[in-house]
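Notes follow the structure.
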Amino acid sequence: MSETRSLAARAASLIRDVPDYPQPGVVFKDITPLLADGETFTAVVEHLARSVEGPVDLVAGMEARGFILGAPVATALGAGFVAVRKVGKLPGPTLAASYDLEYGTATVELQPETVPSGARVLVVDDVLATGGTAAATARLLEDAGGTVVGLSFLMELEFLHGRKVLEGRRVSSLVTVP
């Protein structure tokens, strides 16, 4: 078994399904057990950091679990970290983008001054579902002057077809759920 497949299997074994959360019909993917396993968490961070070619100036993480994964990936790459937050959580001025979720709609924001013009940005999050959050984040980063060089996820829910929304972008995921 390859090193990546072995890590994917180990990570998948530590991700817990929580049925009907945050609402009926949704199966929440709880990564808390994975985060509590220091060896696996470290290996996942290193894997996500290797998911893009070339230099990275910034890592962008989406609220909230994207912060948990993105900040250590930024540290591993020697890059800065940009927080992409839910609307109303950042002091202005901010850029905002709305998008559809698998169970509703949401808006994210970032502070444009945190993204220098031409900065090479890796987007990191825990789950690629419908692709809405990632697509909105990529648009915000580009509107702020950055260049999105990749989007890297701990897990991808393939049945929600999120990659289609991100077509033309470099997307990687460690764990796939068919």
Leaving out ligands, DNA and RNA, what percent of the accessible area of the chain is carbon and sulfur, probe 1.4 Å? 52
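With a 1.4 Å probe and every protein chain left in place, work out the accessible area per residue of the chain in Å², rounded to a whole number. Show your work: numbers first, answer last.
Details: 8500 Å² over 178 residues.
Here the residues of the chain average 48 Å² of exposed surface.
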Could you name the aspartates and glutamates in cross-link range of residue 89, using Cα to Cα under 15 Å and dropping any fewer than eight places away on the same chain? 63, 109
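What is segment 78-126 by shape, rounded, prolate or oblate, if you read a ≥ b ≥ c off the alpha carbon gyration tensor as root eigenvalues and call it rounded for a/c under 1.5, prolate for a/b larger than b/c, and oblate otherwise? Please list the in-between numbers first.
Numbers: a/c = 2.31, a/b = 1.45, b/c = 1.60.
Oblate, since a/c reaches 1.5 and b/c is not below a/b.
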For segment 28-178, what is the percent of antiparallel DSSP beta bridges, rounded to the nearest 5? 30
Once you have the Cα-Cα distance between residue 169 and residue 4, take 0.36 nm times their residue separation minus that, and quote the gain in nm to one decimal. 57.3 nm
With every protein chain present, what accessible area does residue 26 have (1.4 Å probe, heavy atoms only), rounded to the nearest 10 Å²? 20
Just report the Cα centroid separation between segment 116-162 and segment 53-83, whole Å. 11
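The values are calculated or read from the model by the stated rules, or taken from the named source; none is laboratory data. A quick note: this is a predicted structure, and the numbers were derived from the prediction, not measured. Just so you know, the surface numbers come from the protein's heavy atoms only, side chains and all, with ligands and any DNA or RNA stripped out. Shrake-Rupley method; radii C 1.70, N 1.55, O 1.52, S 1.80 Å.
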